[in-house]
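Working notes, structure below.
Each reported figure results from applying straightforward, stated rules to the coordinates on display, with no laboratory input. Since we're looking at a predicted model, the values are computed, not measured. Cβ placement follows ideal geometry from the backbone for every residue including glycine, while neighbour counts extend to all protein chains displayed.
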Amino acid sequence: MAIALFISVLLIAACGLVYELIAGALASYLLGDSVFQFSTIIGSYLFAMGIGSWLSRFLDRALVSRFIAIELMVGLVGGFSSAILFFAFSVSGGFRFLLYALVMLLGVLVGLEIPLLMRILRARFEFKELVSNVLTFDYLGALGASLIFPIFVVPRLGLVRGALAFGLLNALVALWTMWLFREELAQRLAQRLACGGAIALLGLGLVYGQKLTDTLDASLYADEVILARTTPYQRIVVTKWKDDYRLHLNSHLQFSSRDEYRYHEALVHPGLASLAGAKHALVLGGGDGLAVREMLKYPALESIALVDLDPEMTTLFRTHPLLTKLNANSLNAPRVHIINADAFPWLEKNDGMFDFAVVDFPDPNNYSLGKLYTTAFYRLLKQHIAARGLIVVQSTSPMFARQSYWCIVETLKQAGWRTWPYHAYVPAFGEWGFVLAGQEQWRMPERLPAGLRYLDMKTLPALFDFAPDMGPVAAEPNRLNDQSLVRYYEQEWRAIVH
Amino acid sequence: MARDRALTRRAFTAGLAAPALIGLSCKAGRRIAGGFVFESQERGHRIRDHARFAAPKRTERVPVAIVGGGIGGLSAAWWLEKRGCHDFVLLELEDRAGGNARWGENEVSAYPWAAHYLPVPGKRETLARELCTELGLLKDGVWDERWLCHSPQERLFINGRWQEGIEPQSGLTRDDVEQFRRFEARMGELRASGAFRIPSEDGYAHQNAATRALDGISFAEWMRREGLYSPYLRWYADYATRDDYGASAERVSAWAGVHYFASREPDDKGPLCWPEGNGWIARRLIARLAPHIRGGAMVYHIRPNGRRWQVFTEEVLYDTEAVVFAAPMFLASWLIEPQPPAWPIPYAPWLVANLTLDHWPAEDDSEPAWDNVVYGSPTLGYVVATHQNLGRRPERTVWTFYWALAEGAPAAMRSVLLGGDWAWWSERILNDLERVHADIRACVRRIDIHRLGHAMPSPAPGSMFHPERVRRARPEGTLVYAHSDLSALPLFEEAQYRGVTAAQHVLRLLGRG
């Protein structure tokens, strides 16, 4: 019996440490800054264990039953901790609060375990021997856990199922304890039911957790999915690999946090920096707020209207700590007005005038999106742009979808715009194309805002040179009644994929 | 107007409908509401059966009465107005004018009740282009993209999947492809002859023995004689004649069949279409002509009175110098004294249903087009009323489902049309759609059905050169005809041409030509 109990000590010590490691790993994984995350989590966990040890003095009667109850609670809370935290991260901004609340709760429960166990064993051992054995097994368990965690748990089980497996271990310790002390225990039926329930729940979690991690998303993306949301309009997925965060809409890559500054600097500054008197700007699409971040570098700009279809997209990029860090909280700036509407009908119904407009829609891979690249759309947009104003259109890749790119240029021309095509190299995408368009002559900006990482006065003119393999090709304009662009786009990308 | 009926278990147990109903109520698992609309057959049949009508309460003297408010009548009125003649009335049986361009509207969308598009008028179609210019559809020779049918225009479900366009592409042998090529080449030659024009009247000066002979045989017979027997090509020709003439290629004059394929030279990719179909045009004409239009005015008798005409409705007796008869031609023998010879061209019975969908059926790997056709179906498929929306695809939509009852002789099919009740027809419509949308019953919330016993002239062999057609088509005297029936081709452009031609004749009579 003695050795059995000391093995319990070893197991619960291992479980306690694993939950702590999981919380720390998950926090640094999702929020970055691992030194800070580990340090604060270990600190608060140990502190909470202290609270637990102190609280143990208030438990006087039926110690074995209490111990079993605590084991079951630790098993359930710890087992589901990582699933709960992942879920919280993908649905709301309250992640940090929940993280520390869970760590504290677990710490208190784990802190109760060892003092209770020592008091249970007090009658059977000499104090000297008891302390020595309990602490020896405690530290042994910690060593085991700290080795098994990086070598087996994370690579084989993952954080969600790893936590569930250790939760199950806690529940089994409770079951075992119940068996060892079967003669001293009252209310055995209730305890057995609780124990069976906890084991069943954790077991189900473990089996179902397998399915959760095997969802479509996980198999679609090479990197780990850290946030996924299905809205009435699209599927929003954020993935992470090391320090690279990527946004996918309907499984099309929108940006990589490592090089999106190249894309967004190239999108905004060649046009906006040339418009000295620009006061009112419009962004169509671009609900991630990254283009807006660049536009906020112009203090003279009085207002930025952002029209994005999906309210969940803009809410996410306005409230989620990870995402507001990426867009420098741009969507909460007082100059920025968010309008959740469908761009084409919105332009038709409203009569606002703008000096500068960024047209940053997803690539035209279906007829519905293709409408936003038609002569009809660009003609309508022209009615909203001041005579000296400019627009810039993200225009897919002149390298991989050359005819699609020049089709967009041709479409703008047909709609009565003068065009200045340019491109930039964005590693996550390859060569990427933009078209600047206006009604009067455009001149290269004389200076750029401070603090840009990619563009300077030397690289800027080079964007407007096209190498022969990306140069102009003939293309039919894209019109509502003949969406040539969708056909070009499909042909060109299919040729690359297959 | 609509007689509402919902399918419920109670209706079923009350034994109201045929066994088909069982299928509907069980499989559906939800109520589908709806009913028949515009049931004016009874009013029409009163005339046929020489029922007694109330004598008019008062008499009104007016230079011109236009009888019938379809596109023929509206076009006659449009032309009179344009030429400064404001002294006329337009008498319409229904509450609202529009005829086969009539439309409806619910909380989801406006939708057509019959004609739903206008092919982009070619350079020669001056009248249609004049109207389009007035309506803002054509500016400086450029068609407004807003109302040209957006991509994707058409798709066909064939060999288990959707393809783009209605001309069959999949499953064709090399010989089938060759026959399509030969068919097109023959149509090219016939187009070049100049005998097939829109308006068709422009082509009659260019007829020769060979083109005249076409009217003596059916389109199907012509294809056999040409050695065009590919089943895909035959389906395509049959689809075309069912779609435009409401009859199979076996029952349509080869001249009319050729006209379908050889008459058009559009200068842009079309057609022009709107949520409410040709109702978009009709409502603009109606708005402009509103002071002249008398809705709910059923003309039951037209007779000469000295050199003038008396036009009887139950409210007013119109005492006129000239009558433009713009109602379907078969009605002339029942209304006009002295009775003209019987109208020789048959009419096709049609069923048009508007289905209101709460959500779209699941699609794999295809986007809904404007016009969606199923190869091998006896129906003509459905048109999406919300297709021309500028925004993204809305969650709810209205589909207009077309079915020309072309499987038998028009009279027999007419009794089938009027024999089936709403539940029976709804079931047949859903059954047909289930071929391509297995989950359609879960999507549809409402089915409204319009039964058109005499929907359109069906140009049977012999129609085009029939002496009675030729006689009525030539404006003469103080009663002139104005209807697409006169061309034996149920086309907007023909109705417009006949209306304007009648108006020009009337203006000459009144000394304003």
So, how do all the Cα-to-Cα distances of region A:1-148 break down into 10 Å bins, in percent, from 0 on up? 11, 40, 32, 13, 3, 0
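Take every DSSP beta bridge with both residues inside region A:261-497 and express the antiparallel ones as a percent of the total, to the nearest 5.
On the way: 15 of 35 bridges.
Among the beta bridges of region A:261-497, antiparallel pairing accounts for roughly 45 percent.
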With each pseudo-label sitting 7 Å past Cα toward Cβ, what's the A:Ile339-B:Gln169 distance in nm, one decimal? 3.8
Placed amide H near A:Phe356: partners under 5 Å, 5+ positions off or other chain: A:His280, A:Leu282, A:Leu390
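Extension gain A:Gln383-A:Lys413, at 0.36 nm per residue separation less the Cα-Cα distance, in nm? Provide the component values of the computation, followed by the final result.
Working: separation 30, 0.36 × 30 = 10.80 nm, distance 1.51 nm.
Working it through step by step, the gained length comes to 9.3 nm.
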How shielded is B:145-154 by partner chains, expressed as the average number of their Cβ atoms within 10 Å of its Cβ atoms? 6
In sequence order, what are the phi-derived ³J(HN,Hα) couplings for region A:447-461 according to the Karplus relation 6.51 cos²θ - 1.76 cosθ + 1.60 with θ = phi - 60°, rounded to whole Hz, with x for glycine and proline? 8, 10, x, 6, x, 7, 9, 10, 8, 9, 5, 7, 6, 3, x
Peptide-level mean, for B:382-392, of C-beta atoms on other protein chains within 10 Å: 4
Quarter of the surface of the C-alpha convex hull for region A:109-156, i.e. direction-averaged projected area in nm², equals 4.0
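In the protein assembly as shown, what % of DSSP beta bridges are antiparallel (nearest 5)?
Counting only bridges with both partners in the protein assembly as shown, antiparallel ones make up about 60 percent.
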Compute from the Cα atoms of chain B the Rg and the Dmax, the latter being the longest Cα-Cα distance, and quote both in angstrom. 22.9, 71
For chain A, size of Cβ-based charge dipole, Lys and Arg +1, Asp and Glu -1, in debye: 820
What are the ³J(HN,Hα) couplings of region A:412-424, residue after residue, when phi is run through the Karplus curve with 6.51, -1.76, 1.60 and θ = phi - 60°? Round to Hz, x for glycine and proline. 4, 4, 4, 7, x, 9, 8, 10, 10, x, 8, 8, 9
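Percent relative contact order of region A:261-497, based on C-alpha pairs within less than 8 angstrom and at least six residues apart? It would help to have the intermediate numbers written out before the result.
Values: 464 pairs, mean separation 54.8, N = 237.
Relative contact order, region A:261-497: 23 percent.
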Measure off 7 Å from each Cα along the Cα-to-Cβ vector at A:Leu204 and A:Gln491, then give the distance between these two points in nanometres to one decimal. 5.5
Once both labels are modelled 7 Å past Cα along the beta-carbon direction, what's the B:Glu221-A:Glu184 spacing in nm? 10.8
For region A:2-214: relative contact order, % (alpha-carbon pairs under 8 angstrom, 6 or more apart): 35
A correct Kirkwood calculation over the Cα atoms of the protein assembly as shown returns a hydrodynamic radius in Å of 34.3
If you put +1 on each Lys and Arg Cβ and -1 on each Asp and Glu Cβ, how big is the dipole of chain B around its Cα centre, in Debye rounded to 20? 1160
Could you give the dipole magnitude of the protein assembly as shown about its Cα centre, charging the beta-carbon of Lys and Arg +1 and that of Asp and Glu -1, in debye to the nearest 20? 1600
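Based on the Kirkwood radius over alpha-carbon pairs, what is the Stokes-Einstein translational diffusion coefficient of chain A at 20 °C with 1.002 mPa s viscosity, in µm²/s?
Working: Rh = 26.1 Å.
Estimated via Stokes-Einstein, D reaches 82 µm²/s.
Taking 41 Å as R0, compute the FRET efficiency from the Cβ-Cβ separation of B:Glu105 and A:Lys279 and round it to 0.05.
Numbers: r = 42 Å, r/R0 = 1.02.
It comes to 0.45.
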Between 0 and 90°, nearest 10: helix A:95-121 axis offset from chain A longest Cα axis: 10
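Report the antiparallel proportion of the DSSP beta bridges in chain A as a percent, rounded to a multiple of 5. Could you put the intermediate results ahead of the total?
On the way: 31 of 51 bridges.
In chain A, approximately 60 percent of DSSP beta bridges are antiparallel ones.
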Considering the options A:Ala27, A:Ile151, B:Gly99, tell which one lies farthest towards the positive end of the dipole of the protein assembly as shown, charges being +1 on Lys and Arg and -1 on Asp and Glu at the Cβ, about the Cα centre. B:Gly99
Would you mind ranking A:Val160, B:Val62 by Cβ crowding within 10 Å, fewest neighbours first? B:Val62, A:Val160
Under Karplus coefficients 6.51, -1.76 and 1.60, residue-wise ³J(HN,Hα) of region B:369-378 in Hz, glycine/proline x: 9, 5, 10, 10, 10, 10, 4, x, 7, x
Taking region B:291-373, which trypsin sites (Lys or Arg not before Pro) meet the DSSP loop condition and have no more than 12 other C-beta atoms within 10 Å? B:Arg307
Using just the alpha carbons, could you tell me how many Å³ per residue the convex hull of region A:268-337 encloses? 71
With the calculation restricted to Cα positions, what are the radius of gyration and Dmax of region B:35-141 in angstrom? 17.7, 54
How about region A:21-77: which trypsin sites (Lys or Arg not before Pro) there lie in a loop by DSSP and see at most 10 other Cβ atoms within 10 Å? A:Arg61
